[in-house]
Structures are given as structure tokens and as C-alpha cells.
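Beneath this line is the structure, given in C-alpha cells, with notes to follow.
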């Protein structure tokens, strides 16, 4: 299947293989490692600031004991990362978890990328909220388009915001940081923290107020 045919949840923290010579050649050229052979392997993960990414892991080798292993250079030295848009048309196969367990170096790589999965303010739970999917950016899955209902005669606006977590005292309200500024209301400016709530009656994601300080 092509990458774009999977949901971000299907790809998140998954190992994939690319067998097509065309796509392997294109990827090897992109990361400037033209000598890589097919198949090329990788690991999808989400970086809140940079969206859904593919960490390229090169080829999986066999040692003298017929054990599978990753070249350490791909784990520790080379930050070989490509974004979702570059690979979204690639045909990939998601590797079985039992196969991954038998690849020496796989756990090291996963632990290395766990830094992106700190569950502050129950942040990771928001990625499982399917009701938010229609508001998400395709690549930056934590960025959502939210509605600001302005007062007086000013028209309502759609702003982009980045989800930072869930409020403890109001678990139906998301903690978000605005990524764009309101044209009509100076209070709602870029980087301001706001509360956002999904309303099922009219299927809208709306700002319900400002947060005096960023939740920790």
C-alpha cells in the first residue's frame, strides 16, 4: 500500500520496508546514500514540531550467526529523516512486530526516538481522538484548525492551533497553542495558549477561552 493510504495511527511508531527499486533509488538519492540496496527500511514517528517523519534505517544485514541487525551508523550517527510529503506516494510494507523484535538494534532505535513521546498533560491521548481528525493537518497531526467566534459584528475566524494536552479540571477541553493570529481580536495572537473544545451537536472545534498560563 502507499503511505498516503494509511492513517497516521497505522504508521506511528511502525517499522516499514520499501521494496520498489524506483522508490528505493529515489530515497537513496534524497539522503545522499546512493549505494543503498533494496529493500530499504525505516521507522515512522511523530515529532510535534515537524510532523509525521520517516527515519531511514538503510539495509538490514545478516551476521555470521544468521541474525538480523542494523548498521549502528544509521542508529547513532546519521540523522537521516525525510518528511511525510516526500514518501506519501511510496509503496511500503509495515513489518510484523515479531520480525522487528529479532532485529538487533531495533530497541535501541525506538528508545532513542522515545523522546518525542512524553505524555505531558495526557498529550498522547489526543492522538487517539478520532473526532479531531477532520480538523487535523495531514502532515502535522497535532495541528488543528479551530473556530474563534468573535463578538460584536466581527466575523468568526478559523485559526491554526497546536494541541499541547488535556486540561485536568475540564477533561473535555484541550490545551492548545495558537499558530496563527486573529485578524479581529488582538488577544488571540500567535503563541497564546487557549482552551479548545469539540462540540458534537454542530461538529465544530471551537476556542472556549484563553489560558492565563501554559499548563506544565
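Between residue 203 and residue 118, the FRET efficiency estimated from the beta carbon spacing at R0 = 41 angstrom works out to 0.85. For the residues 41, 135, 199, a GNM of the chain with alpha-carbon springs under 10 Å puts the largest fluctuation on 199.
Computed from the Cβ-Cβ distance with R0 of 22 Å, the FRET efficiency linking residue 145 to residue 12 stands at 0.60. Using a simple spin-label model with pseudo-atoms 7 Å out from Cα toward Cβ, residue 82 and residue 97 lie 2.7 nm apart. Rounded is the label for region 3-117, because the ratio a/c of its alpha-carbon gyration tensor axes (a ≥ b ≥ c) stays below 1.5. With each label modelled as a point 7 angstrom along the Cα→C-beta vector, the residue 128-residue 48 pair spans 1.8 nm. Counting only DSSP H runs of at least 4 residues, each contributing -39500 (n - 2.57), and dividing by the residue count of the chain, the helix-based mean residue ellipticity at 222 nm comes to -3500 deg cm²/dmol. Of the DSSP beta bridges with both residues in the chain, give the percent that are antiparallel, rounding to the nearest 5. If we restrict to bridges inside the chain, about 95 percent are antiparallel.
All distinct Cα pairs of the chain go into the 1/r average, and the inverse of that average, the Kirkwood radius, is 19.3 Å. Judged by the mean number of other Cβ atoms found within 10 Å, the most tightly packed of the peptides 172-180, 185-193, 11-19 leads the ranking 172-180, 11-19, 185-193. For region 1-45, the relative contact order is 49 percent, taking Cα pairs closer than 8 Å that sit 6 or more residues apart in sequence and dividing their mean separation by the residue count.
Computed over region 3-117, relative contact order equals 28 percent, with contacts defined as Cα pairs under 8 Å that lie 6+ residues apart.
Packing here is the average count of other Cβ atoms within 10 Å per residue, and on that basis the peptides 45-52, 98-105, highest first, run 45-52, 98-105.
With both labels modelled 7 Å from their Cα along Cα-to-Cβ, the residue 183 to residue 21 distance reads 5.3 nm.
Relative contact order for the chain: 14 percent, from Cα pairs under 8 Å spaced at least 6 residues apart, divided by residue count. Stretching the chain fully between residue 31 and residue 170 yields a gain of 45.5 nm (0.36 nm per residue, less the alpha carbon separation). Is any residue of region 131-164 close enough, with backbone N under 18 Å, to a label point placed 7 angstrom from the Cα of residue 211 along the Cα-Cβ axis, and if so, which? Of the residues in region 131-164, 132, 141-148, 159-164 have backbone N under 18 Å from the label point off residue 211. Give the calculated FRET efficiency between residue 137 and residue 4 to the nearest 0.05, with a Förster radius of 22 Å applied to their Cβ-Cβ distance. With a Förster radius of 22 Å, E is 0.95.
No value in this document is a laboratory result; all are computed from the given coordinates. What you see is a predicted model, and the numbers here were worked out from it, not measured in a lab. So basically every Cβ, Gly included, is an ideal-geometry build from the backbone, and we count neighbours across all protein chains shown.
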